[in-house]
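Colleague: Let me give you the structure first, and then I'll get to my questions.
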Amino acid sequence: MRLPGGTFQMGADEATLLQQFPKAGPGLRAMLLAESPRHQVTVPPFWIDRYEVTNREYQEFVIARPEWDRRKLGGNYLLNWVGDHFPEGQGDFPVVHVSWQAAMAYASWAGKRLPAEAEWEFAARGGQAGAKYPWGNEDASPGLANYSESGKHAPVRVGRSPAGRSGVFDLAGNVWEFCLDAWPSPYPSHALEFTEAGIAALGKTSAERRVIRGGSYDGGAFNMRVTARDSHRADDPVGHVGFRCAMGG
């Protein structure tokens, strides 16, 4: 769906985060500081998938681009698990066990790209400057997202939970989602030029780890906050990380 873009305050202030989590130990404190500093960002209009990319959609890609079939890769680098099949009844589940490179290849094949992290957060905020979650400030519950308290401990069909304020589904829970950006923590001090060329350049940098957003089926409510961010190895396909696509608009 098309989002209008705009200017917003991305991330969070260190002091505010530490006030919200006063008992944070070293590990949690490091995760919190990755959300800082709060900074102003302007993103132009863009399109973002309403749903995470599914097994069925990814299977079409593998059929068209068989070099991405894991049986032909001779190892687990760039691994995808779909091949020519997926578990019965799971065609509409988010595809997982795909590397960042595989997600990039799929997006290019589909005529799209991965979302910039700023676009992802803009979509998650849904026009709400002070929103805690994509649906607003209501406490997380299994009726709002698939996360640890849901008791599923696995992905579920995309769109099963209500859409966020932006009309986009599963921006909280289900599976983490790869973004274009390399992982910096805290945010880099330099300003990014959010033109389409500037955004595309994010995917051309060399980086061991890439930003992931949104939390997953085994994560807590903490991970589903709109400012929460983490990273994952680009070449390490796992069962709790998937992706959705975006494009300039």
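Colleague: Out of residues 5 or more away from D181 or on other chains, whose amide H comes under 5 Å of its own, with H placed 1.01 Å from N in the peptide plane?
Modeller: The answer is E117, V211.
Colleague: ³J(HN,Hα) across the stretch 158-173 via Karplus (A = 6.51, B = -1.76, C = 1.60, θ = phi - 60°), whole Hz, x for Gly/Pro?
Modeller: Along the stretch 158-173, the couplings run 5, x, 5, 8, x, 5, x, 4, 7, x, 9, 9, 6, 6, 10, x Hz.
Colleague: What spacing in nm lies between the two simple spin-label points modelled at E60 and D235, each 7 Å away from Cα in the Cβ direction?
Modeller: So the two model labels end up 3.1 nm from each other.
Colleague: A further question follows. Excluding the sites themselves, what is the longest stretch of the chain that contains no GluC sites (Glu not before Pro) in a DSSP loop with at most 16 other C-beta atoms within 10 Å?
Modeller: With GluC sites (Glu not before Pro) excluded where exposed in loops, the chain gives 1-87 as its longest stretch.
Colleague: Something else about it: Do any of K112/K132; K152/K204; K23/K204 go past 32 Å between their Cα atoms, and which?
Modeller: K152/K204; K23/K204
Colleague: Starting at the first residue of the stretch 176-181, write each ³J(HN,Hα) from the Karplus equation 6.51 cos²θ - 1.76 cosθ + 1.60 with θ = phi - 60°, in whole Hz, x for Gly and Pro.
Modeller: 4, 10, 5, 10, 5, 5
Colleague: Let me ask something else. Given H placed on each backbone N at 1.01 Å, which residues far from S231 in sequence or on other chains put an amide H within less than 5 Å of it?
Modeller: I212
Colleague: Taking amide hydrogens as modeled 1.01 Å from N in the peptide plane, which residues meet the under 5 Å criterion relative to H240, leaving out close sequence neighbours?
Modeller: H97
Colleague: If I model a spin label as a point 7 Å beyond the Cα along the Cα-Cβ vector, how far apart are those points for F8 and K204 in nm?
Modeller: Inter-label distance under the simple model: 2.8 nm.
Colleague: Given a cut-off of under 8 Å on Cα pairs at least six residues apart, what relative contact order in percent is computed for the chain?
Modeller: Here the relative contact order equals 27 percent.
Colleague: Still on this model: Short version: ³J(HN,Hα) in whole Hz for each residue of the stretch 19-28, in order, from phi by Karplus 6.51 cos²θ - 1.76 cosθ + 1.60 (θ = phi - 60°), x for Gly and Pro, what are they?
Modeller: Running phi through 6.51 cos²θ - 1.76 cosθ + 1.60 with θ = phi - 60° gives 6, 6, 10, x, 9, 4, x, x, x, 5 Hz.
Colleague: Right, next: Counting Lys and Arg as +1 and Asp and Glu as -1, what is the net charge of the other residues whose Cβ lies under 13 Å from the Cβ of W135?
Modeller: Once positives and negatives cancel, what remains is +1.
Colleague: On to the next question. Going by Cα centres, the stretch 1-72 and the stretch 136-151 are how many Å apart?
Modeller: If we compute the Cα centre of each part, the gap is 18 Å.
Colleague: Expressed as a rounded percentage, what relative contact order does the stretch 117-249 have, with Cα pairs under 8 Å and six or more residues apart?
Modeller: After rounding, I find 29 percent.
Colleague: Here's a follow-up. Nearest-5 percent of antiparallel DSSP beta bridges in the chain?
Modeller: 90 percent
Colleague: Which entry in (i) 16.5; (ii) 14.7; (iii) 12.7 is this structure's computed mean projected area of the Cα convex hull in nm²?
Modeller: Recomputing mean projected area of the Cα convex hull in nm² here picks out (iii).
Coordinate-derived values only; no laboratory data. Model, not experiment: these values are computed from the prediction. Cβ sites come from the backbone with ideal geometry, for glycine too, and all protein chains shown count toward neighbours.
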